[in-house]
Amino acid sequence: MRVVAIDGPAGAGKSTIARAVAEALGLEVLNTGAMYRAVTYAVIMAGADSTDNQACTSAASAANIELSERVMLDGLDISDEIRGSLVTKEVSTVSAHPGVREVLVAKQRLWASQHGGAVVEGRDIGTVVFPDALVKVFLTASDAERARRRVIDEASAGREANFAEVEADLARRDAIDSGRSVSPLIEAQDALKLDSTTMTIDQVVETIVSEFLTREALQ
Ligand code: DC
């Protein structure tokens, strides 16, 4: 399967890079963070406890998530809601549950196989979801740059954001995402490590696309 795995912490630029790489390679993007956010939204709406593995796993199993340009949950467009502070605050807790991950990893593999491969972005794509991806990327950026980008994203979506608060929230999520026992955010051994603080978007995209095409030609 034609898969590019892009992992890295929040705000590293994964979505921007994934879109451009997908366009260059004629693939679609699967944003797995949006799936964890959709389940978190379902948990909140059900009034369930985000620390309850069983309740969160049931919510993940029951959720009918459709991903295209928009994110749909059980037929409702929740694209804006999943970016709000309520979901952002709880998503790392919900996504740390082994049951939730098991359900979503199965959905991710199915989605990619039904779409003839994909550029898949997340935290555990190269290590767990697609360990055989043709190209694995671990995308990073400095903490200050990641916070700066998030503040700009929030402002352009019409949400107020304070730099210090965004920086603290990113650090809090990084710590949970990297410290959890199941599928923590870690670099795959064979990943290309790229730093989007020191490289332009075009340089990052070109590096990934040419690596993919080289490896594909060798297959
Ligand atoms: O990419 P994002 O910031 O929208 O992801 C939201 C959260 O979802 C992130 O803090 C951790 C979780 N996540 C995960 O655990 N595994 C993934 N493959 C993708 C996201």
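Can you bin the stretch 113-209 into rounded, prolate or oblate? Criterion: square roots of the alpha carbon gyration tensor eigenvalues sorted a ≥ b ≥ c, rounded for a/c under 1.5, prolate for a/b above b/c, oblate for the rest.
prolate
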> By the gyration tensor of its Cα atoms, with a ≥ b ≥ c the square roots of the eigenvalues, what is the shape of the stretch 48-96: rounded for a/c under 1.5, prolate for a/b over b/c, or oblate?
Replying inline: oblate
> Can you list the HN-Hα couplings for the stretch 17-33, worked out from phi with the Karplus curve (6.51, -1.76, 1.60; θ = phi - 60°), rounded to whole Hz and with x for Gly and Pro?
Replying inline: 5, 4, 4, 5, 5, 4, 4, 5, 9, x, 10, 9, 9, 10, 9, 6, x
>> List the trypsin sites (Lys or Arg not before Pro) within the stretch 113-219 that DSSP assigns to loop and that have no more than 16 neighbouring Cβ atoms inside 10 Å.
In response: Arg159
>> As an exercise, use a Förster radius of 35 Å and the Cβ-Cβ distance of Gln219 and Ala175 to find the FRET efficiency, rounded to the nearest 0.05.
In response: 0.35
>> For Cα pairs less than 8 Å apart in space and 6+ apart in sequence, what is the mean separation divided by the residue count of the stretch 109-219, i.e. the relative contact order in percent?
In response: 37
> So, by mean Cβ neighbours within 10 angstrom, what's the order for 96-108, 66-78, 25-37 with the highest one leading?
Replying inline: 25-37, 96-108, 66-78
>> Over the stretch 8-117, with the other protein chains present, what is the accessible area per residue in square angstrom, probe 1.4 angstrom?
In response: 44
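Given Cα pairs under 8 Å that are at least 6 residues apart, what percent is the relative contact order of the chain?
33 percent.
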> Taking 0.36 nm per intervening residue step and subtracting the Cα-Cα distance, what contour gain separates Thr51 from Arg109 on full extension?
Replying inline: 18.3 nm
> If each of Glu165 and Asp190 carries a label point 7 Å out from its Cα toward its Cβ, how far apart are those two points in nm?
Replying inline: 4.4
> Which whole-number percent is the relative contact order of the stretch 1-113 (Cα, under 8 Å, 6+ apart)?
Replying inline: 27
> Which value results when the Cα radius of gyration for the chain is divided by 2.2 N^0.38 Å?
Replying inline: 0.97
> For the stretch 98-219, which whole-number percentage of the solvent-accessible area (1.4 Å probe, protein heavy atoms only) is attributable to carbon and sulfur atoms?
Replying inline: 53
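The values are calculated or read from the model by the stated rules, or taken from the named source; none is laboratory data. No experiment lies behind these values; they were computed from the predicted model shown. Note: ideal-geometry Cβ built from the backbone for every residue, glycine included; neighbour counts use all protein chains shown. The protein model used for the area step is the full one, side chains on, heavy atoms only, and it has no ligands, DNA or RNA in it. Shrake-Rupley method; radii C 1.70, N 1.55, O 1.52, S 1.80 Å.
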